[in-house]
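Student: This is the structure I want to talk about, given as structure tokens.
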Amino acid sequence: MQRLQNNKTYDYLVVGAGLFGSVIARRALDAGYSVKVIDRRNHIGGNLYCEDIDGVAVHSYGPHIFHTSDKQVWEWVNSVVEFVPFINSPLANFNGKIYNLPFNMNTFCQLWGVTTPEQAKAKIESQREGITDPKNLEEQAISLVGRDIFETLIKGYTEKQWGRECKELSADIIRRLPLRFTYDNNYFNDTYQGIPQGGYNTFIERLLEGADVELECDFFAHRETLENSARKIVYTGEIDRYFDYCFGRLEYRTLRFESERLESENYQGVAVMNFTDRTTPFTRIVEHRHFDKSCKAKHTIITREYPQEWNDKCEPYYPIANARNNTIAEQYRKLASAQQNVIFGGRLAQYRYYDMHHIVKLALQIEL
Ligand code: FAD
């Protein structure tokens with residue numbers, strides 16, 4: 001283990017108290033290093049953060065369910081805090097009619113009244129419209145799942161997400177649409193699935209135990225001082241910003257969340273309800289208390305999720321993996337890999353979409 005050099009205050013400065021930064025911080029602390037963690041937000045946890053609203057844990061940046069088939073990752077997160085099993089079984093609401101997700105035998109039965117996998121497969125096959133060379137997202141989706149599933153469960157939702165008609169969107173956006181020919185509403189295929197006991201905030205607090213944490217501190221407002229304060233930096237912010245946008249700005253998809261408190265214990269009977277018609281302006285309603293079976297509150301909090309055009313004042317949620325952004329991101333990644341003493345990690349610093357289990361895996365693999 002290398003010890004502090006010269007006049008450095010810390011071994012590690014972690015920029016970003018999200019999942020990637022927090023896992024690295026834990027590993028560094030456990031190895032005996034000194035660690036400072038900063039975040040520009042006023043809370044730890046990054047996008048996993050939950051706000052407690054009178055006993056209901058509200059997933060402030062969208063609902064988060066941890067899922068993985070990687071035993072090592074599952075055991076590691078459970079060594080921090082036990083994860084309580086939670087099976088995500090969202091529903092789709094199309095003009096008031098309810099369908100199960102992901103597309104499975106329950107969905108096919110609700111759509112067409114079919115009851116066997118053979119009948120469902122025949123129905124889908126008959127609706128693929130013989131498309132072999134899809135020119136846009138609409139044709140791609142129809143070639144994969146047929147017209148009815150496209151019209152009922154994909155079209156409106158996707159058009160709201162992207163703010164454009166499916167005919168105008170690239171076929172590349174959807175590469176595959178899994179169809180399940182069993183009566184199984186479990187959204188994820190993974191072996192392990194759950195939510196930390198006591199919530200994500202407890203999980204992140206345990207990861208950061210022993211670190212010096214400073215909130216509402218933007219790395220770029222104090223760059224020189226912060227860079228000089230530590231032997232190594234772990235950077236989890238936007239990669240283009242780190243390099244002063246020298247190759248241009250990367251683009252993101254963003255979301256707007258509108259929460260409402262209702263004096264009822266159960267508003268929609270499920271944690272996540274997608275609205276797949278075009279006219280409902282939001283894409284889904286999340287009812288947070290359903291993520292936590294121990295919730296005793298007498299009220300409920302629902303959040304409507306609205307897709308929104310991104311600009312640099314908005315939260316960057318999802319990278320947009322088109323040719324332009326991929327080329328620019330690759331140029332930044334090359335610069336990043338040549339930086340001495342800086343580890344670039346997480347969704348923003350890699351400009352890649354990662355689920356939480358990917359983040360944990362990557363952070364466990366980093367050589368300290
Ligand atoms: P972040 O959580 O974004 O952390 C980065 C942190 O760095 C932030 O707190 C930010 O404030 C801080 N930061 C950035 N720049 C600076 C700076 N200049 N100075 C100081 N601080 C800075 N994954 C799942 O596995 N299951 C799910 O159900 C799931 N649902 C999701 C739902 C939504 C709506 C979204 C958007 C994502 C979802 N994810 C889910 C993905 C999950 O959120 C990510 O895998 C995870 O949050 C990535 O962690 P991170 O540390 O890379 O990034």
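The values are calculated or read from the model by the stated rules, or taken from the named source; none is laboratory data. Fair warning: this is a prediction, and the values are worked out from it, not measured in the lab. A quick note on method: Cβ atoms are made from the backbone with ideal geometry, for glycine too, and the neighbour counts reach across all protein chains shown. All accessible areas refer to the heavy atoms of the entire protein, side chains included, with ligands and DNA or RNA removed. Shrake-Rupley method; radii C 1.70, N 1.55, O 1.52, S 1.80 Å.
Student: What number do you get for the stretch 102-173 when its Cα radius of gyration is normalised by 2.2 N^0.38 Å, N = residues?
Tutor: Numbers: Rg = 12.6 Å, N = 72, 2.2 N^0.38 = 11.2 Å.
With N residues counted in the stretch 102-173, Rg over 2.2 N^0.38 Å equals 1.13.
Student: Could you tell me which residue out of I173, W112, I142 lies farthest along the dipole of the stretch 102-173 toward its positive end? Charges go on the beta carbon: Lys and Arg +1, Asp and Glu -1, centred on the Cα centre.
Tutor: Comparing the listed Cα positions along the dipole, W112 ranks first.
Student: For the stretch 103-134, run through the GluC sites (Glu not before Pro) and keep only the ones in DSSP coil with at most 13 other Cβ atoms within 10 Å of their Cβ.
Tutor: On the way: sites: E118, E125, E129; in loops: E129.
Sparse-neighbourhood loop GluC sites (Glu not before Pro): E129.
Student: Right, something else. Assuming R0 = 30 Å, can you tell me the calculated FRET efficiency for the pair R261 and F220, based on Cβ-Cβ distance, to the nearest 0.05? Each step should come with its number before you reach the end.
Tutor: Numbers: r = 36 Å, r/R0 = 1.20.
The pair R261/F220 has a calculated efficiency of 0.25.
Student: To the nearest Å, what is the center-to-center distance of the stretch 329-349 and the stretch 79-121, using C-alpha atoms only?
Tutor: If you average the Cα positions of each part, the centres end up 39 Å apart.
Student: While we're here: I want the local charge near D355. Using Cβ-Cβ distances under 12 Å, sum +1 for each Lys or Arg and -1 for each Asp or Glu among the other residues.
Tutor: +1
Student: With the full set of protein chains in place, find how many percent of the accessible area of the chain is carbon and sulfur; take the probe as 1.4 Å.
Tutor: 46
Student: Would you mind checking K135/K155; K97/K121; K71/K361; K8/K361 for any pair whose Cα atoms are more than 20 angstrom apart? Write down the numbers at each step before the final one.
Tutor: Numbers: K135/K155 16 Å; K97/K121 22 Å; K71/K361 11 Å; K8/K361 29 Å.
Flagged as over cut-off: K97/K121; K8/K361.
Student: While we're on this one: In the stretch 252-309, with Lys and Arg counted as +1 and Asp and Glu as -1 at Cβ, which of these residues, F282, Y267, Q308, has the Cα nearest the positive end of the dipole, that is, farthest along it?
Tutor: Y267
Student: In addition: May I ask you to compute the full-extension gain from E82 to D70, defined as 0.36 nm times their residue separation minus their alpha-carbon distance, rounded to one decimal in nm? Working shown, then result.
Tutor: On the way: separation 12, 0.36 × 12 = 4.32 nm, distance 1.60 nm.
Difference between extended and current length: 2.7 nm.
Student: If you don't mind, there's one more thing I want to ask. Starting from the Cα of L364, step 7 Å toward the Cβ, then list every residue of the stretch 57-82 with an amide N under 12 Å from that point.
Tutor: 68-80
Student: Please give the peptides 35-44, 82-91 ranked by average Cβ packing (other Cβ atoms within 10 Å per residue), highest first, as a rough proxy for protection.
Tutor: The most tightly packed comes first, giving 35-44, 82-91.
Student: Continuing with this model, one more query. Between R40 and D355, what is the label-point separation in nm under the 7 Å Cα-to-beta-carbon projection?
Tutor: According to this spin-label approximation, the distance is 2.9 nm.
Student: Here's something else I'd like to know. Once you charge only the Cβ atoms, +1 for Lys and Arg and -1 for Asp and Glu, what is the size of the charge dipole of the stretch 1-109 about its Cα centre, to the nearest 20 debye? All intermediate terms of the calculation are to be shown ahead of the outcome.
Tutor: Details: 9 positive and 9 negative charges, 80 e Å.
Rounded to the nearest 20 debye, it is 380 debye.
Student: What does the charge dipole of the chain about its Cα centre add up to, to the nearest 20 debye, if the Cβ of each Lys and Arg holds +1 and the Cβ of each Asp and Glu holds -1? Mind dumping the intermediate values first?
Tutor: On the way: 44 positive and 49 negative charges, 101 e Å.
Approximately 480 debye in magnitude.
Student: Can you tell me the Rg and the Dmax, both Å, for the Cα atoms in the chain?
Tutor: Radius of gyration, then largest Cα-Cα span, for the chain: 22.3, 73 Å.
Student: So in the chain, what percent of DSSP beta bridges are antiparallel if you round to the nearest 5?
Tutor: Details: 32 of 50 bridges.
The antiparallel fraction comes to roughly 65 percent.
Student: Helix by helix through the chain, keep the DSSP H runs that span 15 Å or more along the axis on Cα and average at least -0.5 on Kyte-Doolittle, and give those back in order. Write out the running numbers ahead of the final one.
Tutor: Working: long enough: 19-30 (16 Å, 0.75); 323-337 (21 Å, -1.07).
Going by DSSP H runs, the hits are 19-30.
Student: Hey, can you find the accessible area per residue of the stretch 317-361 for me, probe 1.4 Å, expressed in square angstrom? Working shown, then result.
Tutor: Working: 2260 Å² over 45 residues.
Result: 50 Å² per residue.
Student: Quick check for you: which residues of the stretch 130-173 have the amide N under 14 Å from the point 7 Å beyond the Cα of D277 toward its beta carbon?
Tutor: 152-153, 156-157
Student: Separate question: Compute the signed sum of charges (Lys and Arg +1, Asp and Glu -1) over the other residues within less than 10 Å, Cβ to Cβ, of A92. Spell out each step's value before the answer.
Tutor: On the way: positive: K97, R284; negative: D277.
Its environment carries a net charge of +1.
Student: Taking only protein heavy atoms and a 1.4 Å probe, what accessible area per residue, in Å², does the stretch 102-173 have with all protein chains in place? Could the numbers behind the result be given before it?
Tutor: Values: 3360 Å² over 72 residues.
In whole numbers, the stretch 102-173 has 47 Å² accessible per residue.
Student: Measure off 7 Å from each Cα along the Cα-to-Cβ vector at Q161 and N326, then give the distance between these two points in nanometres to one decimal.
Tutor: 1.8
Student: Separate question: Return the calculated 222 nm mean residue ellipticity for the chain, to the nearest 500 deg cm²/dmol, obtained by summing -39500 (n - 2.57) across DSSP H runs with n ≥ 4 and dividing by the residue count.
Tutor: -8000 deg cm²/dmol, from helical runs alone.
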